[in-house]
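The values are calculated or read from the model by the stated rules, or taken from the named source; none is laboratory data. The structure presented is a predicted model; accordingly, all values stated were derived computationally and were not measured. For neighbour counting, all protein chains shown are included, and Cβ atoms are generated from backbone atoms with ideal geometry for every residue, glycine included. To get the accessible areas, we keep the full protein, side chains included, count just its heavy atoms, and leave off ligands, DNA and RNA. Shrake-Rupley method; radii C 1.70, N 1.55, O 1.52, S 1.80 Å.
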Number of protein chains: 2
Amino acid sequence: MSTKQQEKDFLAHYNVHDHDIPLSCVDVVIFTIIKDQLNVLITQREDFPFKGNWAIPGGFIDINQDKDIEQTAQRKLKEKTGYDAPYLEQLGATGNNTRDPRGWSLTVTYFALVNADNVVFGKDSCWCELNDGGIIQEKLAFDHALLIKDAFQRLKNKTQYTTIALHVLPPKFTLSELQKCYETILGGKLNKSGFRRRIIKSNVIEEIKGESKQTATRMAQLYRKSDDELHFYLREIYPTFS
Amino acid sequence: MSTKQQEKDFLAHYNVHDHDIPLSCVDVVIFTIIKDQLNVLITQREDFPFKGNWAIPGGFIDINQDKDIEQTAQRKLKEKTGYDAPYLEQLGATGNNTRDPRGWSLTVTYFALVNADNVVFGKDSCWCELNDGGIIQEKLAFDHALLIKDAFQRLKNKTQYTTIALHVLPPKFTLSELQKCYETILGGKLNKSGFRRRIIKSNVIEEIKGESKQTATRMAQLYRKSDDELHFYLREIYPTFS
DNA sequence: ATTAATAGTGTACTAAATGCACTATTAATT
DNA sequence: AATTAATAGTGCATTTAGTACACTATTAAT
C-alpha cells in the first residue's frame, strides 16, 4: 500500500476522542473608557461551573461554527456588545490543569478596545471599573482576574509606543480628549506639546476642517482617525506621576 | 438541592468528549546562529499526517504529563535538543479548520533561542538555514513555514528593543560577536560605538576581568551575561542596509 | 470688565540614537 | 625588522524626538 493511501486510511479512522485532550476556549477582555476611568466588560455566567459568577465573555470554540479562533473571539464580542469592528488583538494562550474544574483547560485570550457609546449590551453584562493595579473588585470566575491583569499590562505597554488609544474614542474627538485617554490608560500625566507633536507627526489623525467642539471653556478643533492601522513609534512616551 | 451540590454533580458527570472540540498542540520554533546564519531546528515526522516530512518540533499537549502549556513546550524542546534552560517565549495561538487534515486544530507556538554548541540532537533533527524572507527552502508540514515566519518577525522586532540576542551566545563572548548576532538577526549593519554604548549602559553584560580572546587580528575583551532577564530599551535600534 | 480654565504654540533643554574619524593591537607580508 | 591589513576599541559632532515650561488665545462664568 502506498504511503499516500496509508495516510488516507489513517485520516479516515482518526478520532479526536481517542485521546485525552484539553478543553479549548476563547476569552475576550473588552476595555473601554467611561468618565475618565478604564472599564472592563463582565458578564454573568449562565451555566456551571461558576454559575451566577461574573466572568469575561468567552466560551468554547465551536468547531462547526467558527473557521478560526479569531472568528470565535469576534463572535463572543458581537454577542456581548453588538460591536462589529473593534480593535481586537490576541494576547496569548493560557493552559493548565488548575484553571477549570472541568479539567485540563486551554484558553486563548483576546483583548478588545471599544468606544462605549457604540456598545449595545447583551443581557447579564455590564461595565466594571478597574482600579490602579488593574484588578477588578468583583470575584471573577476561573483565572479571569489574572487574564484581565495581563491584558491591562499589554494595553499599557502598547499605549507607550503605539496609537492604540485612538480606538476608545468616538469618530470625532479633540486632541485633549485623546491625550486624556492616554493618561487614563497610563495612570499619569503627559506633556501637552510633546504629545501633540508626536501624534500629529505620526499622521494617524487629521483635522476635520471647519469643525470644532465647545469644551468647558473654549472651542477645540475636532479630529478624525485617518487610518485604522496602529502606528508604532521608535521611542516610548512615559508619563509623570508627580 | 443547593447550587453547590448542583455544581458538584455537574462536574462529576462532565465529559470532555460529549462535545466536538479541536485538537490542541504546542509547537516550538528553535532559533540559533551558525556561521553568521540564522537557523531553525526541524525534525522529520515519524507519524501520519505528513509522515516523513520536515516539521518544527511539537505535538499534542499530554494532559497527564504536562501541568501547563509551558511545560509541554519545555518537554518538546528537551526531547529535540537536550537543552534545559533556553530563552523560551510564547508567540501566540493559531487555530483553524484548515491547518491539520485530522480536523479543527489549535496550536500554541513558542519560540526559543539557543546556543548551537549546547545542542544535542535527538534523532531525525537538523538545523536548517533561513533565507532573507525567513522562509525555509524545505517543504514543511502543516502551516509550519508560516509559524516560522511569524516567529522570525517577532525575533527581529525584539532584537530592535531588547537584549534578546544575548541568548544565542556561549557563556563567554566578545562585543563584536554580540554585535554580529544582532546584525545577523536584523539583516543589516549596526553602528559600532552606538551599539557598544547601548549594551554597556544597559548593564546586562560584564567584562570578565583579565580574560580576552584572540580574534583574526588582535585580542578582544571577553564578556559574560550578568543577568538572564531581558532588558527593554526605550528606543529601537535600527540597522542600515546600504 | 475681570477671572478662570482649557486650547493651542514656541522654545530651551536633554537623552540617546547615528555617522564618521580616529587610535590600539597583532598576525601576516615583505 | 619594518610595513600592511584587519579588527578592537574610543571620541566627538550631528540628529531626532523626547521633556519642561512658559507663553498666547478663546470663551463661559462672575
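Note down the magnitude of the dipole of chain B about its Cα centre, charges +1 on Lys and Arg C-beta and -1 on Asp and Glu C-beta and zero elsewhere, to the nearest 20 debye.
Working: 32 positive and 32 negative charges, 243 e Å.
My answer is approximately 1160 debye.
Once a ≥ b ≥ c are taken as the square roots of the eigenvalues of the Cα gyration tensor of the protein assembly as shown, is the result rounded (a/c under 1.5), prolate (a/b larger than b/c) or oblate (a/b not larger than b/c)?
Working: a/c = 1.91, a/b = 1.06, b/c = 1.80.
The shape class here is oblate.
For residue A:84 and residue A:213, what is the calculated FRET efficiency with R₀ set at 22 Å and r taken between the beta-carbons, to the nearest 0.05? Write out the running numbers ahead of the final one.
Details: r = 26 Å, r/R0 = 1.17.
Computed FRET efficiency for residue A:84 and residue A:213 comes out at 0.30.
The modelled label-to-label distance between residue B:18 and residue A:46, using points 7 Å beyond Cα along the C-beta direction, is 1.6 nm.
Quick check: convex hull of the Cα atoms in chain A, volume per residue, rounded to a whole Å³? Walk me through the numbers on the way to the answer.
Working: hull volume 43.6 nm³, N = 242.
In chain A, the Cα convex hull volume per residue is 180 Å³.
Partner shielding of B:20-30 amounts to 5, given as the average count of beta-carbon atoms from other chains within 10 Å of each residue beta-carbon.
Threshold 10 Å², probe 1.4 Å: give the residues of the range B:44-65, in number order, that are less accessible with all protein chains present than with their chain alone. Buried by 10 Å² or more upon assembly, which counts only protein chains, are B:48, B:49, B:50, B:51, B:60, B:61, B:63, B:64. Take the accessible area of A alone and of B alone, subtract that of the pair with a 1.4 Å probe, and the total buried over both chains is about 4100 Å².
Please report, in debye to the nearest 20, how large the charge dipole of the range A:185-237 is about its Cα centre when each Lys and Arg carries +1 at its beta carbon and each Asp and Glu carries -1 there. Working shown, then result.
On the way: 12 positive and 7 negative charges, 79 e Å.
Charge dipole of the range A:185-237: 380 debye, to the nearest 20.
Leaving out ligands and nucleic acids, note down the accessible area per residue over chain A with a 1.4 angstrom probe, in whole Å².
Details: 12020 Å² over 242 residues.
Value for chain A: 50 Å² per residue.
Counting every alpha-carbon pair across the range A:102-203, the share separated by more than 19 Å comes to 53%.
Placing a label point 7 Å from the Cα of residue A:4 along the Cα-to-Cβ direction, the distances to the matching points in the other copies come to 6.3 nm, shortest first. Rolling a 1.4 Å probe over the protein heavy atoms of chain A, with every protein chain left in place, gives an accessible area that is 47 percent carbon and sulfur.
Can you give the local net charge around residue A:149? Use residues other than it whose beta-carbon is closer than 12 angstrom to its beta-carbon, Lys and Arg +1, Asp and Glu -1. Present the calculation step by step, with values, prior to reporting the outcome.
Values: positive: A:154, A:156; negative: A:132, A:143, A:150.
Residues close to residue A:149 contribute a combined charge of -1.
For chain A, the longest principal axis of the C-alpha atoms and the axis of helix A:144-161 are separated by about 40°. Rounded, prolate or oblate: which fits the range B:1-44 when a ≥ b ≥ c are the square roots of the eigenvalues of the alpha-carbon gyration tensor, with rounded for a/c under 1.5 and prolate only if a/b beats b/c? It is prolate, given that a/c is not under 1.5 and a/b is the larger ratio. Between helix B:3-13 and chain B there is an angle of about 90 degrees, using the helix long axis and the longest principal axis of the Cα atoms.
For peptide B:105-113, how many partner chain Cβ atoms fall within 10 Å of a residue's Cβ, on average?
Values: counts 2, 13, 1, 6, 1, 1, 0, 0, 0.
Across the residues of B:105-113, the mean count of other-chain Cβ atoms within 10 Å is 3.
Proximity of backbone amide H atoms, modeled 1.01 Å from N, is registered between residue B:34 and B:39 at under 5 Å, excluding neighbours fewer than 5 places apart on the same chain. What separates the residue B:90 label point from its copies, with the point 7 Å along Cα to Cβ, is 1.2 nm, written shortest first. Here's the list of aspartates and glutamates a cross-link from residue B:192 could span, going by alpha-carbon distance under 16 Å and ignoring same-chain residues fewer than 8 apart: B:177, B:183, B:236.
At q = 0.14, 0.18, 0.24, 0.28 Å⁻¹, what log₁₀ I(q)/I(0) does the range A:162-225 have when each alpha carbon counts as one equal point scatterer in the Debye sum? Debye curve over Cα of the range A:162-225, log10 I(q)/I(0) at q = 0.14, 0.18, 0.24, 0.28 Å⁻¹: -0.38, -0.64, -1.15, -1.45.
In the range B:20-159, inverting the average of 1/r over every pair of distinct C-alpha atoms gives 15.1 Å as the Kirkwood radius.
Distances between equivalent label points of residue B:202 across the copies, with each point positioned 7 Å along Cα→Cβ, amount to 2.3 nm, shortest listed first.
Of all DSSP-defined beta bridges confined to the range A:20-159, some 70% are antiparallel rather than parallel.
In straight-distance terms, cross-link reach from residue A:4 covers every one of the lysines whose alpha-carbon lies under 22 Å from its own, apart from those fewer than eight places away in the same chain; here that gives B:51, B:139. Taking a ≥ b ≥ c as the square roots of the Cα gyration tensor eigenvalues, the range B:13-79 comes out prolate, since a/c reaches at least 1.5 and a/b is larger than b/c. Using R0 = 51 Å, the C-beta based FRET efficiency linking residue B:146 and residue B:234 works out to 0.95.
For chain A, the relative contact order comes to 19 percent (Cα pairs under 8 Å, sequence separation of at least 6).
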